[in-house]
């Protein structure tokens with residue numbers, strides 16, 4: 001009897017650990033899927049070479065420091081800097097929570113108010 005209870009408890013713990021680990025790593029993607037294996041570009045590099053990053057699609061990653069109430073734009077910070085991410089042109093809206101760890105795929109768009117990163121994909125972990 002004890003062996004059966006121990007087996008059931010062990011199995012339940014294994015299932016719970018598996019579900020928890022899948023839930024933690026999977027996250028949710030808004031917009032297009034970000035291809036696996038793409039290494040994120042530091043935000044400072046994107047801001048430093050704006051002409052280059054206006055022409056190529058890249059992935060940036062960091063934490064949301066502030067976000068619009070509708071989730072259409074936010075500021076993203078990594079260890080190298082902070083950038084304004086505008087998803088309104090691509091109609092991507094994410095839950096309005098700060099502190100979230102996200103990856104964003106898109107292009108830098110120079111504007112009269114400063115550079116902005118327009119995302120085509122946002123993956124929240």
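Residues in segment 59-75 that are touching a helix residue (DSSP H, G or I) at 6+ places or on another chain (Cβ under 7 Å) and part of a strand (DSSP E or B) were compared, and the one that is surrounded by the fewest Cβ atoms within 10 Å (Cβ to Cβ) is 73. Based on what the data block shows, is residue 95 modelled with pLDDT under 95, under 20 Å from residue 34 (Cβ atoms) and assigned to a loop (DSSP other than H, G, I, E, B)? Spelling it out, residue 95 is indeed modelled with pLDDT under 95, under 20 Å from residue 34 (Cβ atoms) and assigned to a loop (DSSP other than H, G, I, E, B). When the criteria are applied in full, residue 42 fails the requirement of being surrounded by fewer than 18 Cβ atoms within 10 Å (Cβ to Cβ), at pLDDT below 95 and more than 12 Å from the chain's Cα centre (by Cα).
In summary, residue 80 fulfils each of the numbered conditions (1) touching a strand residue (DSSP E or B) at 6+ places or on another chain (Cβ under 8 Å); (2) surrounded by fewer than 18 Cβ atoms within 10 Å (Cβ to Cβ) with the single exception of condition (1). Does residue 71 satisfy the criteria of being farther than 20 Å from residue 50 by Cα and touching a residue at least 12 places away in the same chain (Cβ under 8 Å)? When the stated conditions are applied, residue 71 passes them.
Scanning segment 36-58 for residues that are in a loop (DSSP other than H, G, I, E, B) and touching a residue at least 12 places away in the same chain (Cβ under 8 Å), we see that the one that is farthest from residue 125 (Cα to Cα) is 56.
The values are calculated or read from the model by the stated rules, or taken from the named source; none is laboratory data. None of the values given here were measured: they were computed from a predicted structure. No Cβ is skipped: glycine too gets one built from the backbone with ideal geometry, and neighbour counts run over all protein chains shown.
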